[in-house]
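All remarks here apply to the structure that follows.
Derivation of every value follows stated rules applied to the coordinates shown; laboratory data play no part. Everything quoted here is computed from the prediction, not taken from an experiment. Glycine gets a Cβ as well: all are built from the backbone with ideal geometry, and neighbour counts include every protein chain shown.
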Amino acid sequence: MNILQLDLPGARVLDLYAGSGALGLEALSRGAIAADFVENDPRSIRGLQENIEALLAQDLATIHRKSGLPFAEGLGALEYDVAFADPPYASGDATKLAERWTKLPFSRVLSIEHSAKDAMPEGGVTRKYGSTAITFYRSEE
């Protein structure tokens, strides 16, 4: 999150594969003005709703009950300022999502967590943390 701290104040944020909503909620705590959370697991959605309520972020948060990749595929250019994604490593969605973003960036910045073994599309900057990696893509616009 520190890498993106200057991108967050006033940002509209997308948290794909939101799970508990930790990334989007942290972005809100750092000055983002709105966060859309995309999650399709009913148990995760319940926990996400509880976390949003506990942090009194209901007015800033919207939950979309859908899988991350299909949601992203329906987006147009630069609909968000910052997008976070943490898809299940075994799904292959990290690479597919990055490929989709490189064709039509739906956010100014995409931060995507993936296995350090995954070969990601060119154009991003990857930071490795043991078996995990995060690749950051930035739009030229």
How much length is gained if the chain between LYS117 and SER91 is pulled fully straight, taking 0.36 nm per residue apart and subtracting their Cα-Cα distance, in nm to one decimal? 8.0 nm
Quick one: if the Förster radius is 25 Å, what FRET efficiency do ARG65 and ALA22 give, using the C-beta to C-beta distance and rounding to 0.05? 0.85
Convert each backbone phi in region 71-87 into a coupling constant with the Karplus relation 6.51 cos²θ - 1.76 cosθ + 1.60 (shift: θ = phi - 60°), then list the ³J(HN,Hα) values in order as whole Hz, x for Gly and Pro. 4, 4, 5, x, 8, x, 5, 6, 6, 10, 7, 9, 10, 10, 9, 9, x
Please give every one of the aspartates and glutamates within straight-line cross-link reach of LYS66, meaning a C-alpha to C-alpha distance under 20 Å, and leave out same-chain neighbours fewer than 8 residues apart. ASP15, ASP36, GLU39, ASP41, GLU50, GLU79, ASP86, ASP93, GLU99, GLU113
Peptides 17-25, 121-129: what's the order by average Cβ count within 10 Å, highest mean first? 17-25, 121-129
Mean shadow area (nm²) of the C-alpha convex hull around region 34-78 is 3.4
Once you treat every alpha carbon in region 85-141 as an equal point and sum by Debye, what is log10 I(q)/I(0) at q = 0.13, 0.15, 0.16, 0.30 Å⁻¹? -0.27, -0.36, -0.41, -1.36
Candidate lysines - alpha carbon under 21 Å from LYS117, same-chain residues fewer than 8 apart omitted: LYS96, LYS128
Karplus-derived HN-Hα couplings along region 18-27 (A = 6.51, B = -1.76, C = 1.60, θ = phi - 60°), whole Hz, x at Gly and Pro: 5, x, 6, x, 4, 5, x, 5, 5, 4
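Rounded to the nearest 20 Debye, what is the dipole magnitude of region 14-68 about its Cα centre when Lys and Arg each give +1 and Asp and Glu each give -1 at the C-beta?
That gives a dipole near 120 debye.
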Got a sec to turn the phi values of region 119-127 into Karplus ³J(HN,Hα) couplings, 6.51 cos²θ - 1.76 cosθ + 1.60 with θ = phi - 60°, whole Hz, x for Gly and Pro? 8, 9, x, 5, x, x, 10, 10, 10
What aspartates and glutamates does LYS103 reach when the alpha-carbon gap must be under 12 Å and sequence neighbours fewer than 8 apart in one chain are set aside? GLU73, GLU122
Quick calc: nm separation of the 7 Å Cα→Cβ label points for SER139 and LEU78 -> 0.5
Please state the charge dipole magnitude for the chain, taken about the Cα centre, from unit charges on C-beta atoms (+1 on K and R, -1 on D and E), reported in debye and rounded to the nearest 20. 240
If one puts a single equal scatterer on every Cα of the chain and applies the Debye formula without solvent, what log₁₀ I(q)/I(0) results at q = 0.09, 0.13, 0.16, 0.19 Å⁻¹? -0.23, -0.50, -0.78, -1.11
Roughly speaking, what is the centre-to-centre gap between region 64-141 and region 2-54 when only Cα atoms are used, to the nearest Å? 15
Name the residues whose placed amide hydrogens come within less than 5 Å of the amide hydrogen of ALA83, ignoring near sequence neighbours (fewer than 5 apart) on the same chain. LEU14, VAL109, LEU110, SER111
